[in-house]
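Asker: Please find one structure pasted underneath; my questions will follow.
Just so you know, all these numbers are worked out from the coordinates, no wet-lab data involved. Only a predicted model underlies this, so the values are computations on that prediction, with no experimental measurement involved. Methodologically, a virtual Cβ is constructed for each residue, glycine included, from the backbone with ideal geometry; neighbour enumeration extends over all protein chains shown.
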């Protein structure tokens, strides 16, 4: 296990060396945003992707993929657990999103290589990490400080709810992350709408594929009829099992 983690650490350093977190992106210049989230049952990972219209927040497209999870959850190494599934699902999209929002950190990570950074670098797309908890560092004036460097910010989206932690993944700066993520929140939801929709889609898909169990026991073999039922329930372009 140690040698495996050392290999991942080397990969993190290489990925982090390519990060560009300096680019300004104005929310009003983007048209489509995609959210990505993953759910698990048994040894299966289900990645849900939802593309929305940035101005209306209407859903344009939904896709999902299912694959065997290649590794357990290890703090700091989420990119290697969920990243490949997100990338696979991205390539199934028919729409071309301008910005990606990922359930996880970007550069607000010890090695500057959170899940959103991994995905952004691999796809060469602007990516934003939105996380529910702080992985490392401290908060000063609502900014995430790691190793004396500003890596992200707090985002308060709902009264009496915990803050979100927003950070650049790649090809976007901190202020743009705050603006875009904030503009995409629709009360009473806490998360930006692409992420909110992706979370629901991934979880519901995992439950259905698991025979209605709340992400538990047997994974089983999945029939085409299950795919058809998902398409009826979720509407546009509801993905495929890969």
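Asker: If one takes the longest principal axis of the Cα atoms in the chain, at what angle in degrees, from 0 to 90 and to the nearest 10, does the Cα axis of helix 193-209 lie?
Answerer: With both axes taken from Cα atoms, the answer is about 30 degrees.
Asker: Same structure again: Could you work out the mean projected area of the convex hull around the alpha carbons of segment 65-161, in square nanometres to one decimal?
Answerer: Working: hull surface 30.2 nm².
It is 7.5 nm².
Asker: Using a 10 Å cut-off around each Cβ, can you sort 213, 138 from fewest to most neighbouring Cβ atoms?
Answerer: On the way: 213 13, 138 9.
Going from least to most buried by this count: 138, 213.
Asker: Would you mind ranking 174, 136 so that the residue whose beta carbon has the fewest other beta carbons within 10 Å leads the list?
Answerer: The order, fewest Cβ neighbours first, is 136, 174.
Asker: Show that you can apply the helix-only estimate: for the chain, add -39,500 (n - 2.57) for every DSSP H stretch of four or more residues, divide by all residues, and state [θ] at 222 nm to the nearest 500.
Answerer: Only helices count here, giving -9500 deg cm²/dmol.
Asker: If I take the Cα coordinates of the chain and project them onto the principal axes, what are the three extents in Å, biggest first?
Answerer: If we take the Cα atoms of the chain, the spans are 53, 47, 35 Å.
Asker: On C-alpha positions alone, give me the angle between the axis of helix 78-90 and the longest principal axis of the chain, in degrees, nearest 10.
Answerer: Once rounded, one gets 60 degrees.
Asker: While we're on this one: List, largest first, the extents of the alpha carbons of segment 96-209 along their principal axes, each in whole Å.
Answerer: Per principal axis, max minus min of the Cα coordinates gives 45, 36, 23 Å.
Asker: In terms of the Cα gyration tensor, with a ≥ b ≥ c the square roots of its eigenvalues, is segment 9-115 rounded because a/c is under 1.5, prolate because a/b exceeds b/c, or oblate?
Answerer: Judged from the Cα gyration tensor, segment 9-115 comes out oblate (a/c at least 1.5, b/c at or above a/b).
Asker: If I take every Cα pair under 8 Å that is 6 or more residues apart in the chain, average their sequence separation and divide by the length, what percent do I get for the relative contact order?
Answerer: Details: 555 pairs, mean separation 59.0, N = 242.
Worked out over the chain, it gives 24 percent.
Asker: Still on this structure, I have one more. Relative to the longest principal axis of the chain, what angle (0 to 90°, nearest 10) does the C-alpha long axis of helix 224-234 take?
Answerer: 50
Asker: Could you work out how far apart the two model spin labels at residue 139 and residue 27 are, taking each label as a point 7 Å from the Cα in the direction of the beta carbon, and quote it in nm?
Answerer: 2.0
Asker: Sort segment 1-70 into rounded, prolate or oblate with this rule: let a ≥ b ≥ c be the square roots of the eigenvalues of the Cα gyration tensor; rounded if a/c is under 1.5, and if a/c is not under 1.5, prolate when a/b is larger than b/c, oblate otherwise. Walk me through the intermediate numbers first.
Answerer: On the way: a/c = 5.01, a/b = 1.31, b/c = 3.83.
Because a/c hits 1.5 or more and a/b fails to exceed b/c, segment 1-70 counts as oblate.
Asker: Once you've got the GNM for the chain with C-alpha springs shorter than 10 Å, pick whichever of 109, 160, 199 has the biggest mean-square fluctuation.
Answerer: Of 109, 160, 199, the Gaussian network model singles out 160 as fluctuating most.
Asker: Please compute, for the alpha-carbon atoms of segment 40-93, the extent along each of the three principal axes and give them in descending order in Å.
Answerer: Reported extents, whole Å, longest axis first: 37, 21, 18.
Asker: Can you sort 184, 93 from fewest to most other Cβ atoms within 10 Å of each residue's own Cβ? Please report the intermediate quantities before stating the final value.
Answerer: Details: 184 25, 93 19.
With the fewest neighbours first, 184, 93 line up as 93, 184.
Asker: Of all DSSP beta bridges located in the chain, what percent are antiparallel, nearest 5?
Answerer: 80
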